Amino acid sequence: MPAAIVSRFKSLPRLNMLRTLTKVLPSRKPLVLLGEGSAVRLCHSMADQGFQRVLIVTDEILRSLGTVDPMVEAFKARGITCSVFDGVKPDPTFAVVDAGLAALRQLRGDAILVVGGGSAIDAGKVISLSAASGKTPLELVGVFKARQPGLPLFVVPSTSGTGSEVSVAAVISDSVTHVKSLVADPGVVPVAAALDPLVTRGMPPSVTAETGIDALTHALEGWMSVFADEQTDQYNRAAVRMILANLETACTEPGNLAARDAMALASHYAGLSLSTTFVGYVHAIAHQLGGRYGIPHGRANAMVLPHVLAFNLPSCADRFARLARELGLTAPGAPDAAAAQALLNRINDLLASVPVRRGGQQLKPEDFPGIIEDALKEAHGTYPVPRYMNEADVEQILRQIRAVT
Ligand SMILES: [Fe+2]
């Protein structure tokens, strides 16, 4: 029996266990503040709650751009002592988390405010959980290792795509091996998040496009997931609708705050679904391209997404057709096959219209066996995909990506 088929059958009990866990575990959701100025309002809300010593976790670029200045000023105005830790780098390492913990201890902080993208939010989550639990970041790797909430964590995302402000997970890398470790714990969910277009308008168009496609991928993989339910369908339908209507504008008009607002909310909605529906083969393959070739996550998703949608079409024609009808992409009476194709065409049109480089010439055929093995290992047993791939399916997708110029 082919390895992928064996892997599929072995994975079924684990998938059933995951489905049960998503239904019975308590899910925390952050309070969300929306709109222009919501980041500063969040700081005042923290003052109202009585916090006195706040560590701001961010990166050097955002600090040098002055993005955190209004928040520092707001804390000062309310008599809160704050310190800025700007040591976060992309794909944060355990060393970065340790440095953030040291800054928190020096401040004797009683809360954390993250201002940044997915990397900063992940670092802030693990700093928060380690500080409250007394466990080292390494001891927190795995599922539910802290068994208590983290230090109160507040988040201002600077990108619109990861949905990290709402998820129960954080990823930390080993600085030597570059192996990524997952910390999954309800205790990392922030108390509150501010989705402020005055913060996200600093994103360049390419980052806006790539992170937006990441959000679109979360929504579509959530829609295709066999764990999807009525609530996740509501979140993901709203996310796809808003991304189709606003991503191009957010890229071409960086100062369009209404488009920024919509993209932040779309990313958040797709993030709300993630804890139930997880992701699928797009992420499983994209993670390998990111790890081997340093391709940013959203761009890797953009390279893989059309091929996985086409692969899933035989299993998802009715689901794709329903989404196309609900989004008004096809006539109400159109047959499933035509309606489903209308959705895929619209997704491809969007990918072609935003500044994301999707050429895959850097993929090396000699790397394919390792990429295929690692992608299938990641997906099978964890991701509730609607149609299983074997090695040849993944290889065909890799060859299709490599042919894109
Ligand atoms: Fe993602």
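The values are calculated or read from the model by the stated rules, or taken from the named source; none is laboratory data. A quick note: this is a predicted structure, and the numbers were derived from the prediction, not measured. When we count neighbours, we look across all protein chains shown, and the Cβ atoms used for this are built from the backbone with ideal geometry, even at glycine.
Would you confirm, using the coordinates I've provided, whether LEU344 is out of contact with any His (no Cβ under 9 Å at 6 or more places or on another chain) and within 16 Å of the ligand (Cβ to nearest atom)?
The answer is no for LEU344.
Looking for whichever is crowded, with 18+ Cβ neighbours inside 10 Å and free of Cβ contacts under 8 Å to residues at least 40 places away in the same chain here; the options are VAL115, VAL88. Which one fits?
VAL88
Consider region 313-366. How many of its residues are assigned to a loop (DSSP other than H, G, I, E, B) and on the phi < 0 side of the Ramachandran plot?
Final tally of qualifying residues: 19.
Within region 274-284, take every residue that is within 17 Å of LEU15 (Cβ to Cβ) and in a helix (DSSP H, G or I) and give me the one that is nearest to the ligand (Cβ to nearest atom).
Step by step, filter region 274-284, then rank; the result is HIS283.
State all residues of region 215-228 that are touching a helix residue (DSSP H, G or I) at 6+ places or on another chain (Cβ under 7 Å) and away from the ligand (no atom under 14 Å from the Cβ); if no residue qualifies, say none.
TRP223, MET224, PHE227, ALA228
Filter region 305-315 down to residues that are away from the ligand (no atom under 16 Å from the Cβ) and buried (at least 22 other Cβ atoms within 10 Å of the Cβ), then give me how many there are.
1
Here are some conditions: (1) part of a helix (DSSP H, G or I); (2) surrounded by fewer than 24 Cβ atoms within 10 Å (Cβ to Cβ). PRO254 meets all but one. Which one does it not meet?
Condition (1) is where PRO254 drops out.
Kindly indicate whether any position in region 92-99 is closer than 23 Å to THR67 by Cβ, in contact (Cβ under 8 Å) with a residue 12 or more places away in the chain and surrounded by fewer than 24 Cβ atoms within 10 Å (Cβ to Cβ).
yes
Select from region 139-163 the residues that are among the β-branched types (Val, Ile, Thr) and within 16 Å of the ligand (Cβ to nearest atom) and write down the one among them that is modelled with the lowest pLDDT.
THR162
Of the conditions (1) free of Cβ contacts under 8 Å to residues at least 24 places away in the same chain; (2) within 16 Å of the ligand (Cβ to nearest atom), VAL356 satisfies every one except a single condition; which number is it?
Here VAL356 meets the rest and fails (1).
How many residues does region 171-190 contain that are surrounded by fewer than 21 Cβ atoms within 10 Å (Cβ to Cβ), of a type in the set (Val, Ile, Thr) and touching a residue at least 12 places away in the same chain (Cβ under 8 Å)?
Of the residues in region 171-190, 1 are surrounded by fewer than 21 Cβ atoms within 10 Å (Cβ to Cβ), of a type in the set (Val, Ile, Thr) and touching a residue at least 12 places away in the same chain (Cβ under 8 Å).
Could you please find all residues in region 206-250 being buried (at least 24 other Cβ atoms within 10 Å of the Cβ) and more than 18 Å from the chain's Cα centre (by Cα)?
Result: ALA250, single match.
Kindly indicate the residue of region 289-304 that is surrounded by fewer than 24 Cβ atoms within 10 Å (Cβ to Cβ) and in a helix (DSSP H, G or I) and also nearest to the ligand (Cβ to nearest atom) among those meeting that condition.
My answer is HIS297.
Are any residues in region 83-131 among the β-branched types (Val, Ile, Thr) and assigned to a helix (DSSP H, G or I), and if so, which ones?
VAL96, VAL97, ILE121, VAL126, ILE127
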